[in-house]
Amino acid sequence: DVKVTQSSRYLVKRTGEKVFLECVQDMDHENMFWYRQDPGLGLRLIYFSYDVKMKEKGDIPEGYSVSREKKERFSLILESASTNQTSMYLCASSSPSGAPSYEQYFGPGTRLTVT
Amino acid sequence: GEDVEQSLFLSVREGDSSVINCTYTDSSSTYLYWYKQEPGAGLQLLTYIFSNMDMKQDQRLTVLLNKKDKHLSLRIADTQTGDSAIYFCAESIQGGKLIFGQGTELSVKP
């Protein structure tokens, strides 16, 4: 059974803290993604990665960075957390050889609250 | 740029059919997807349609694609309370990325 796991379901951090969100997939997928989900806005892409050590900015990368040192792991970093980064964060992975191609598999999400 | 639009809410009675609509902008999309998100969970692929198809049926689900109008719909027959969730429409774009709509929250009343 395919699986994407995220390090925490709920997280509460203080303004200015450095925050690490981890995502691990066991499907040997090339592509990994980080989204944030806000009511009425759907999913917005923060960063994605096509391969180890490769990363590309999505639609809303400001205030975030990512790291992909191993194929199965993709980390999202909030350098200095702010209250407007309070959100649900979703990780996903996909492969061009999937059926359908590029079907994205999602983790359960991390609900981050910044106070 | 690419955009996917959905209405935010739909309320139906148990046993009725639900129709969730979506419009998209990228005519070169290879696949269009419907994802379901249950409360407190991530998204799960519900069904998808290849862009050269007009219709796809999968048990209680029917997907209709109108390429001319760039309109996609998901029909759920005999809607049950367990179908209450947020439904996201998504289109595939170049490079393996997906563009998601805002999500339609389906509420099924007994």
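Consider only pairs whose beta carbons are under 9 Å apart and that are at least six residues apart or on different chains; among these, list those whose first residue lies in the stretch B:86-105 and is at the interface with chain A (Cβ under 8 Å from one of its Cβ atoms) and within 17 Å of A:TRP34 (Cα to Cα) and whose second residue is of a type in the set (Val, Ile, Thr) and surrounded by fewer than 20 Cβ atoms within 10 Å (Cβ to Cβ).
Filtered contacts from the stretch B:86-105: B:SER92/B:THR30; B:GLY101/B:THR23.
What's the number of the condition A:GLU72 fails, among (1) closer than 19 Å to B:GLY42 by Cβ; (2) under 12 Å from the mean Cα position of the chain (by Cα)?
Single failed check for A:GLU72: (2).
Starting from residues that are over 15 Å from the mean Cα position of the chain (by Cα) and at pLDDT below 95, keep the ones in the stretch B:1-23 and report whichever is surrounded by the most Cβ atoms within 10 Å (Cβ to Cβ). I'd like the intermediate steps shown before the answer.
First, pick out the residues of the stretch B:1-23 that are over 15 Å from the mean Cα position of the chain (by Cα): B:1-2, B:11-16.
With at pLDDT below 95 added as a condition, the list becomes B:1-2.
Working: B:GLY1: 7, B:GLU2: 14.
Out of the qualifying residues, it is B:GLU2.
Considering only the stretch B:53-64, state which residues are over 21 Å from B:GLY82 (Cβ atoms) and either within 13 Å of chain A (Cβ to nearest Cβ) or not in a loop (DSSP other than H, G, I, E, B) (or both). I'd like the intermediate steps shown before the answer.
Kept after step one, since they are over 21 Å from B:GLY82 (Cβ atoms), are these residues of the stretch B:53-64: B:53-56, B:64.
Hits for the stretch B:53-64 are B:MET53, B:MET55, B:LYS56, B:LEU64.
State all residues of the stretch A:56-69 that are under 17 Å from A:SER94 (Cβ atoms) and in a strand (DSSP E or B); if no residue qualifies, say none.
Residues satisfying the conditions are A:GLU56, A:VAL66, A:ARG68.
May I ask you to verify whether B:ASP54 is touching a residue at least 60 places away in the same chain (Cβ under 8 Å) and among the charged types (D, E, K, R)?
Details: touching a residue at least 60 places away in the same chain (Cβ under 8 Å): no; among the charged types (D, E, K, R): yes.
When the stated conditions are applied, B:ASP54 does not pass them.
In the stretch B:24-37, which residue that is more than 10 Å from chain A (Cβ to nearest Cβ) and at pLDDT 95 or above is surrounded by the fewest Cβ atoms within 10 Å (Cβ to Cβ)?
Here the residue is B:LYS36.
The values are calculated or read from the model by the stated rules, or taken from the named source; none is laboratory data. Remember, predicted model here, so these are calculated numbers, not experimental data. Positions of Cβ are backbone-derived with ideal geometry, glycine not excepted, and every protein chain shown enters the neighbour counts.
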